1. With a point put 7 Å past each Cα toward its Cβ, work out how far Ile57 is from Val203 in nm, to one decimal.
2. As an exercise, use a Förster radius of 25 Å and the Cβ-Cβ distance of Lys144 and Lys17 to find the FRET efficiency, rounded to the nearest 0.05.
3. From the phi angles alone, apply the Karplus equation (6.51, -1.76, 1.60; θ = phi - 60°) to segment 148-161 and give each ³J(HN,Hα) in whole Hz, x where the residue is Gly or Pro.
4. Given a Förster radius of 25 Å and the C-beta distance between Arg192 and Asp233 as r, what FRET efficiency does 1/(1 + (r/R0)^6) yield to the nearest 0.05?
5. Starting from one equal scatterer on each C-alpha and no solvent at all, send me the Debye-based log10 I(q)/I(0) for segment 84-275 at q = 0.10, 0.14, 0.17, 0.19 Å⁻¹, two decimals.
6. Report, by chain and number, residues whose modeled amide H sits under 5 Å from the one on Arg257, excluding near sequence neighbours (fewer than 5 apart, same chain).
7. Given contacts defined as C-alpha pairs under 8 Å and at least six residues apart, what's the relative contact order of segment 122-191, whole-number percent?
8. What is the local net charge at Ser179, summed over the other residues whose Cβ is closer than 13 Å to its Cβ (Lys, Arg +1; Asp, Glu -1)?
Amino acid sequence: MKDEGILAKRIYESRKKMGVTQEVLADKLGITPQSISRWENGQSRPDVDMLPKLAAIFGTTVDALFGYHAENLKITLYEENYKKVSRFWGGKIRRLAREILGLMPTDQPRTLLEIGCGTGEAATFFARNGYIVSAFDISDEAIKKADTLAKSVGVDVNLFRADLLTYKIETKFDIIYSSGVAQYIPPAERKRFFEMIQANTAVGGLNAINALVDKSFVDNASDLICGGGSLYDSAELFGYYGRNWRFEMMDEIYFDRNVSGVSHQHCIDLMIARKIAD
Ligand SMILES: C[S@@+](CC[C@H](N)C(=O)[O-])C[C@H]1O[C@@H](n2cnc3c(N)ncnc32)[C@H](O)[C@@H]1O
């Protein structure tokens, strides 16, 4: 999205938020207040070499000034929500997590990576059941809460903040688990993402993933209430797992949710696949 109106609006709003006049901002940039006024009215735009300075003064990025990074807005939604409530997602341990216990018991040391761990209920559940758990999320607030939860039950979870779109997994895990997160992988990135996690799964290991699915009869406008993202086509998720993978479980289910008093439904595809060969 590239919109001159957005740039003008962002400059105006950021200046107001800083609580400075056009004169003060102009002074910081070594230009005239009239230039600022023209930017804010959308009559002209800052020169390219002025943009990084402007972004630095506002404590933001050039991309954000232009309204890029829609994904960040969604993440901000989580960041804010995680500040308001203790367990935004209700903290239930999902079937996807429970089935792993039977499919890969901890009779020997098993490493597990959780992608998008939120407030850490699943990560703590796995650690309590004897797995060696690493887990990350893009939200600082979520990681803090996950850490508090793990400590409160006395288990070790290697928690860290990372963006799944840029994070490079550097070691092989026995299990890679992710629930309620796959919709934040833009469609064009999905093939690369799944190849990356598959390459970093040990032979014999599992990938346990679910993904929200687009159905004509499910009100997916309401998915925005749950943080947006891009829904999957029905069965798309399964299609990322090819000839070296055996499905241990695959299903398509519907469930009801109520967020902020708004009832709605989701369709979700879930699967656990085992890597049979490299
Ligand atoms: C629906 S919640 C699911 C949380 C947890 N897995 C659960 O089942 O309760 C989605 C999570 O994905 C995280 N998330 C969104 N985009 C992400 C990204 N690019 N990288 C890592 N985590 C992300 C959010 O911060 C949020 O915690």
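Derivation of every value follows stated rules applied to the coordinates shown; laboratory data play no part. No experiment lies behind these values; they were computed from the predicted model shown. Ideal geometry is used to build each Cβ from the backbone, glycine not excepted, and the neighbour counts take in all protein chains shown.
1. With each label placed 7 Å out from Cα toward Cβ, I get 6.1 nm.
2. Values: r = 25 Å, r/R0 = 1.01.
The calculated FRET efficiency here is 0.50.
3. My calculation for segment 148-161 gives 4, 5, 4, 5, 5, 9, x, 10, 8, 10, 7, 9, 8, 9 Hz in order.
4. About 0.90, to the nearest 0.05.
5. -0.38, -0.78, -1.18, -1.49
6. His264, Gln265, His266
7. Numbers: 56 pairs, mean separation 20.8, N = 70.
Value for segment 122-191: 30 percent.
8. Net local charge, Ser179 excluded: -1.
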